[in-house]
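The values are calculated or read from the model by the stated rules, or taken from the named source; none is laboratory data. Given the structure is predicted, the values throughout are model-derived calculations rather than measurements. Cβ: placed from backbone, ideal geometry, glycine included. Neighbour counts: every protein chain shown. For the accessible areas, the whole protein counts, side chains as well, though only heavy atoms, and no ligand, DNA or RNA atoms are used. Shrake-Rupley method; radii C 1.70, N 1.55, O 1.52, S 1.80 Å.
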Amino acid sequence: MQMFKEQIAQTLAPLIDWEPERVAAALELPPNPELGDLAFPCFQLAPQLRKAPPAIAADLAERYQLPAAVAKVQVVGSYLNFFLHPQVIAKQVLEAILAAGNTYGNSQQGAGKTIVVDFSSPNIAKPFGVGHMPTTVLGNSISKLYQALGYNVVRVNHLGDWGTQFGAMMVAYLKWGDNDPLTEDPIGKLYRLYVKFHKEEEAEPTLRDEARAWFNRLEAGEEEATRLWRLFYDVSLENFKRTYRRLGIEFDHYTGESFYIDKIDATLARIKAAGVTEISDGALVVSLGDDLPPCLLQKSDGATLYATRDLAALFYREETFNPERIIYVVALDQSLHFQQLKLVLKRMGLPLAAAVVHVAFGLVKLPEGKMSTRRGQMVLLDDVLQEATARVATIIAEKNPELPNKEQVAEQVGIGAVIFHNLKNSRMRDIIFDWSEVLSFEGETGPYLQYTHARCMSVLRKSGQQQFAPPQDLAGLADESAQQVLKRLSQFPETITKAAETYEPSTMSRYLLDLAQDFNRFYNSCRIIGEDAAIEASRLALVNGVAMVLRRGLSLLGLTAPEQM
Ligand code: ARG
């Protein structure tokens with residue numbers, strides 16, 4: 001609707017003495033079709049015009065000169081409702097999609113601005129579990145949405161590659177690891193060592209002291225500790241990268257916590273120089289008032305903390321990327337941590353504080369309940385992807401054994417199902433992992449959207465045509481179901497903006513489900529191939545537009561769309 005909002009804004013703005021951009025932003029989508037296609041709420045004009053909103057609406061309706069796209073205006077209560085010409089919608093929307101192709105819906109609102117997205121960030125020496133799935137797919141989608149708005153997006157993986165857990169891994173590896181070079185199944189092996197350590201330490205608390213001592217050796221740069229750290233780091237990262245490739249996700253930087261170790265001294269010096277630190281029980285802290293616990297920067301034994309490294313990362317990112325925003329896609333249980341970071345920056349008087357955005361999300365639950373890494377009930381992300389792909393392969397073998405590129409399609413659909421399941425609902429909702437729900441071809445799922453796209457592609461293939469130019473004759477699109485599809489297509493650009501601004505890829509997921517449903521209604525009520533040539537051409541153009549928008553919307557969520565399935 002953005003293009004129609006702009007056309008209405010241009011013509012309404014002079015009547016009320018507003019900037020057209022302000023009018024466009026105020027236009028709303030009415031809750032039902034009887035109220036037109038767009039509505040202008042006149043309440044906002046009451047203070048300026050000193051008149052009751054319904055009277056303002058009536059007066060505007062009288063004076064308004066209809067632009068070409070608007071068929072009529074109508075006053076309902078305090079609203080001025082706009083009804084668009086069906087033909088104009090059809091022509092302009094299909095032309096816009098075809099002209100823009102893969103960039104339909106993009107804008108330049110972010111041109112010249114940089115956003116850092118810190119996401120996924122699994123912990124080395126702990127396995128990559130499904131608990132890290134939401135941050136991984138949300139972060140990827142949010143990055144793509146901002147890119148579509150013209151921002152320069154820097155994707156950063158802040159690996160958890162430093163901290164006391166490395167001490168624990170070293171102790172476990174030295175005691176029970178048999179000097180294994182970790183060439184085979186490194187993650188499985190490291191995971192079992194990790195679980196064993198936490199089981200043993202309950203009976204043998206001195207293990208914890210040993211672990212701390214090994215971490216201190218690592219921080220002091222001692223050779224054996226560094227060698228072991230390298231080993232764990234290298235094998236884990238290689239494994240993570242394989243998972244990212246499978247998910248189709250890329251990062252600009254794998255700068256984890258260890259990257260900031262040589263920047264800690266300067267970071268501490270800077271915070272001290274700002275005069276906001278104090279010593280408490282031998283530790284260096286920043287007090288944050290009565291509502292928040294103090295931010296601990298350095299323990300009495302000199303060890304640094306997660307927060308210290310995050311502050312170093314903030315200063316580094318500001319200097320290196322000069323970002324307008326730094327978006328942290330991190331689970332809700334870390335919200336205290338991000339509040340503390342923001343407040344430390346604020347106490348230092350730094351505007352950078354305002355750039356920090358914590359995008360939180362709920363938990364991933366198996367139907368049985370929450371999983372725990374320590375007790376070893378963790379579900380590995382790799383296993384989930386493997387299982388999803390295998391299940392889809394079985395379905396294809398049953399239902400469509402002749403399908404070309406079967407394996408590739410199984411991979412696209414299986415991975416897509418898992419990604420979509422994580423992005424379907426608002427991110428604060430917990431994600432319950434139920435296979436039949438994840439993989440259904442009919443419910444609100446990734447496979448359903450991919451299937452609808454494949455259905456469009458099959459119609460286009462059957463037509464035998466290659467080009468689907470916007471139609472001149474629009475009679476074939478007069479049906480209400482076709483009009484509904486066209487209006488939905490016209491809302492794609494603002495869906496991108498809204499999803500990005502609220503950090504809610506689910507807005508895009510919902511939109512695509514609605515589009516698929518609208519399309520399937522059209523598909524069931526209007527014959528496409530075999531109609532009179534002009535009607536067929538206009539309907540094919542619509543199908544082509546739907547396919548393009550589904551493909552592009554899915555790609556903004558991180559899914560691919562097979563041509564056939
Ligand atoms: N490694 C952390 C975890 O798995 C997430 C890191 C998030 N990013 C950050 N800059 N703190 O919980």
Taking the options ASN106, ASN102, name whichever one is away from the ligand (no atom under 16 Å from the Cβ), open to solvent by 10 Å² or more (accessible area, probe 1.4 Å) and assigned to a helix (DSSP H, G or I). ASN102
State all residues of region 270-297 that are in a loop (DSSP other than H, G, I, E, B) and either under 18 Å from HIS337 (Cβ atoms) or open to solvent by 70 Å² or more (accessible area, probe 1.4 Å) (or both); if no residue qualifies, say none. VAL276, ASP281, SER287, LEU288, GLY289, ASP290, ASP291, LEU292, PRO293, PRO294
Select from region 273-309 the residues that are under 23 Å from ALA213 (Cα atoms) and acidic (Asp, Glu) and write down the one among them that is nearest to the ligand (Cβ to nearest atom). ASP301
Quick one: VAL235 ticks every box in (1) within 19 Å of ALA353 (Cβ to Cβ); (2) touching a residue at least 12 places away in the same chain (Cβ under 8 Å); (3) open to solvent by less than 70 Å² (accessible area, probe 1.4 Å) except a single one, so which number is it? (1)
Residue list for region 117-135, restricted to those being at pLDDT 95 or above, near the ligand (Cβ under 10 Å from one of its atoms) and hydrophobic (A, V, I, L, M, F, W, C): PHE119
Consider ALA454 carefully, then state whether it is more than 25 Å from ALA547 (Cα to Cα), at pLDDT 90 or above and among the small types (Gly, Ala, Ser). no
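Is there a residue in region 246-253 that is modelled with pLDDT of 95 or more, assigned to a helix (DSSP H, G or I) and away from the ligand (no atom under 13 Å from the Cβ)? So that I can check it myself, show each step before the final result.
Applying the first criterion (modelled with pLDDT of 95 or more) to region 246-253 yields 246-253.
Now restrict to residues that are assigned to a helix (DSSP H, G or I): 246-247.
Next cut, away from the ligand (no atom under 13 Å from the Cβ) only: 246-247.
Scanning region 246-253, I find at least one residue that is modelled with pLDDT of 95 or more, assigned to a helix (DSSP H, G or I) and away from the ligand (no atom under 13 Å from the Cβ), so the answer is yes.
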Subset tally (residues that are open to solvent by less than 60 Å² (accessible area, probe 1.4 Å) and more than 38 Å from the chain's Cα centre (by Cα)) for region 5-15: 1
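Which residues, taken from region 109-129, are part of a strand (DSSP E or B), open to solvent by less than 10 Å² (accessible area, probe 1.4 Å) and not β-branched (Val, Ile, Thr)? If you could, list the steps in order and put the result at the bottom.
Of the residues in region 109-129, the ones part of a strand (DSSP E or B) are 114-118, 123, 129.
Of the ones still in play, those that are also open to solvent by less than 10 Å² (accessible area, probe 1.4 Å) are 115-118, 129.
Matches in region 109-129: ASP118, GLY129.
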(1) open to solvent by 20 Å² or more (accessible area, probe 1.4 Å); (2) farther than 27 Å from LYS365 by Cβ; (3) among the polar types (S, T, N, Q): which one isn't true of ASN425, the others all being true? (2)
Take region 333-351 and flag every residue that is touching a helix residue (DSSP H, G or I) at 6+ places or on another chain (Cβ under 8 Å), in contact (Cβ under 8 Å) with a residue 60 or more places away in the chain and not hydrophobic (A, V, I, L, M, F, W, C). none
Given the conditions (1) open to solvent by 70 Å² or more (accessible area, probe 1.4 Å); (2) at positive phi, every one holds for GLY77 apart from (1)
Could you check LEU60 against (1) closer than 30 Å to LEU149 by Cβ; (2) part of a helix (DSSP H, G or I); (3) open to solvent by less than 10 Å² (accessible area, probe 1.4 Å); (4) free of Cβ contacts under 8 Å to residues at least 60 places away in the same chain and say which number it fails? (1)
Between a residue in region 419-440 that is more than 13 Å from LEU557 (Cβ to Cβ) and modelled with pLDDT under 95 and any residue that is surrounded by fewer than 19 Cβ atoms within 10 Å (Cβ to Cβ) and not small (Gly, Ala, Ser), which pairs come within a Cβ distance under 6 Å, given they are 6 or more apart or on different chains? ASP430/LEU363; ASP430/LYS365; ILE432/LYS365; PHE433/LEU366; ASP434/PRO367; LEU439/ARG391
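Kindly provide the set of residues from region 9-26 that are free of Cβ contacts under 8 Å to residues at least 40 places away in the same chain and of a type outside the set (Gly, Ala, Ser), ordered by number. Break it down stepwise before answering.
To start, the set of residues in region 9-26 that are free of Cβ contacts under 8 Å to residues at least 40 places away in the same chain comprises 9, 13-14, 17-26.
Listed by number, the residues that qualify are PRO14, ASP17, TRP18, GLU19, PRO20, GLU21, ARG22, VAL23.
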Among (1) at pLDDT 95 or above; (2) under 17 Å from VAL156 (Cβ atoms); (3) in a helix (DSSP H, G or I), which single condition is PHE240 missing? (1)
Which residue pairs have Cβ atoms closer than 7 Å, lie 6 or more positions apart in sequence or on different chains, and pair a first residue in region 446-470 that is touching a residue at least 60 places away in the same chain (Cβ under 8 Å) with a second residue that is surrounded by fewer than 19 Cβ atoms within 10 Å (Cβ to Cβ) and among the acidic types (Asp, Glu)? TYR448/GLU442; ALA454/GLU563; MET457/GLU563; PRO470/GLU95
Could you list all residues from region 307-336 that are part of a helix (DSSP H, G or I), surrounded by fewer than 17 Cβ atoms within 10 Å (Cβ to Cβ) and of a type outside the set (Gly, Ala, Ser)? TYR316, GLU319, THR320, LEU332, ASP333, GLN334, LEU336
Name every residue in region 437-447 that is open to solvent by 40 Å² or more (accessible area, probe 1.4 Å) and either under 14 Å from LEU423 (Cα atoms) or not hydrophobic (A, V, I, L, M, F, W, C) (or both), in order of residue number. GLU437, GLU442, GLU444
What pairs come up if the first residue lies in region 301-320 and is under 26 Å from ARG217 (Cβ atoms) and free of Cβ contacts under 8 Å to residues at least 60 places away in the same chain, the second is within 14 Å of the ligand (Cβ to nearest atom) and of a type in the set (Phe, Trp, Tyr), and their beta carbons are under 6 Å apart, counting only those six or more places apart or on different chains? ALA312/TYR260
If a residue must be buried (at least 17 other Cβ atoms within 10 Å of the Cβ) and over 19 Å from LYS487 (Cβ atoms), how many such residues does region 19-43 contain? 4
Within region 256-264, can one find any residue that is closer than 15 Å to PHE315 by Cα, away from the ligand (no atom under 16 Å from the Cβ), assigned to a helix (DSSP H, G or I) and open to solvent by 60 Å² or more (accessible area, probe 1.4 Å)? yes
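Taking the options VAL75, VAL88, name whichever one is without any contact (Cβ under 8 Å) to a residue 24 or more places away in the chain, assigned to a strand (DSSP E or B) and more than 16 Å from the ligand (Cβ to nearest atom).
When all the criteria are applied, what remains is VAL75.
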Hey, among the residues in region 343-372 that are touching a strand residue (DSSP E or B) at 6+ places or on another chain (Cβ under 8 Å), at pLDDT 95 or above and closer than 27 Å to SER506 by Cα, which one's surrounded by the fewest Cβ atoms within 10 Å (Cβ to Cβ)? VAL357
Restricting region 136-169 to residues that are of a type in the set (S, T, N, Q) and touching a helix residue (DSSP H, G or I) at 6+ places or on another chain (Cβ under 6 Å), which is farthest from the ligand (Cβ to nearest atom)? SER141
